[in-house]
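The structure appears below as C-alpha cells.
Every number in this text was worked out from the coordinates using simple rules, so none of it is lab data. Just so you know, these numbers come straight off a predicted model, no measurement behind them. With ideal geometry, Cβ positions are generated from the backbone for all residues, glycine too; neighbour counts draw on all protein chains shown.
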Amino acid sequence: MFGSALWYGAAVFKLPFLLLMEKTSSPAAIAIRPALPEDAGGIARTYIESADYHTSLDSERYALPSRETIAARYREGRQHPPEAGGESITLVAELDGGIVGFVDARIERSPDAMHREMAYCHIAEIAVSFRHQNRGIGGQLLRAAEDWGRGRGAEFASLEYHVANTRAGVFYQRRMGYRAAAITAIKRL
C-alpha cells in the first residue's frame, strides 16, 4: 500500500510464503522480541530463504541478494527507510537461542488527500525459516507487530504479497483477518 516495498520502493512486494498455516506450536518455546544487531546473521538466513522463494515465483522482478548485504543492513539498522522517522521496528522469533523468523513493521500515513487521516502499521517484510513453518510462528510475529502498531496509534495494519504467493494469501486473509483493499498493477516499460 502507498508504494512502499521493503527498501527499494518497488511495487508488489515480497511477503512470505513461510507463515502459512498455524498448526501446532509451543508458544512458551518461542520468544518474540525486538531485534538486536547480533541477530543480523539469523535474520539474513531467513531473509535469503524468502528471497529464493520469491525469485522462483517471479525471477523477472526478484533477485537473490548476498547474505552479507542483508546481514549488514540489519546489523547497522538500515532495514527501514529513512522516512520512517524512527517509527519502525524489527521483531524476531527466537527458538532455542536461534532466530527462526522476523518481521519489519513501520507506521505509515497516506500522503493522498483523499484518504482519511490515520496511521497504518505497515508490515514491510515477514519471514519464517523453512524448517519452522506451520508452527504458528508467523502468526505470533504478525500479532506482535500489530500490537506494536496499535500501541503507536495505528488504526489498520497493511501488507502486500505477490499474487502468485497463494499460500500467503490464505494465511493473511483466512487465518489473520486481512482483506484485499488495493491492487498494485505493473507493466514492463
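Among the trypsin sites (Lys or Arg not before Pro) in the range 114-166, those placed in a DSSP loop whose Cβ has at most 15 other Cβ atoms within 10 Å are ARG116, ARG152.
For the chain, with a Gaussian network of springs between Cα atoms less than 10 Å apart, report the residue from ALA127, ALA72, ALA93 with the top mean-square fluctuation. Residue with maximal mean-square fluctuation among ALA127, ALA72, ALA93: ALA72. Comparing PRO65, PRO81, PRO111 in a Gaussian network model of the chain where C-alpha atoms under 10 Å apart are linked, the largest mean-square fluctuation is found at PRO111.
In the Gaussian network model of the chain, springs joining C-alpha atoms below 10 Å, which of TYR178, TYR47, TYR120 carries the largest mean-square fluctuation? Sorting by GNM fluctuation, first place goes to TYR178.
Rounded to two decimals, the Cα radius of gyration of the chain over 2.2 N^0.38 Å is 0.96.
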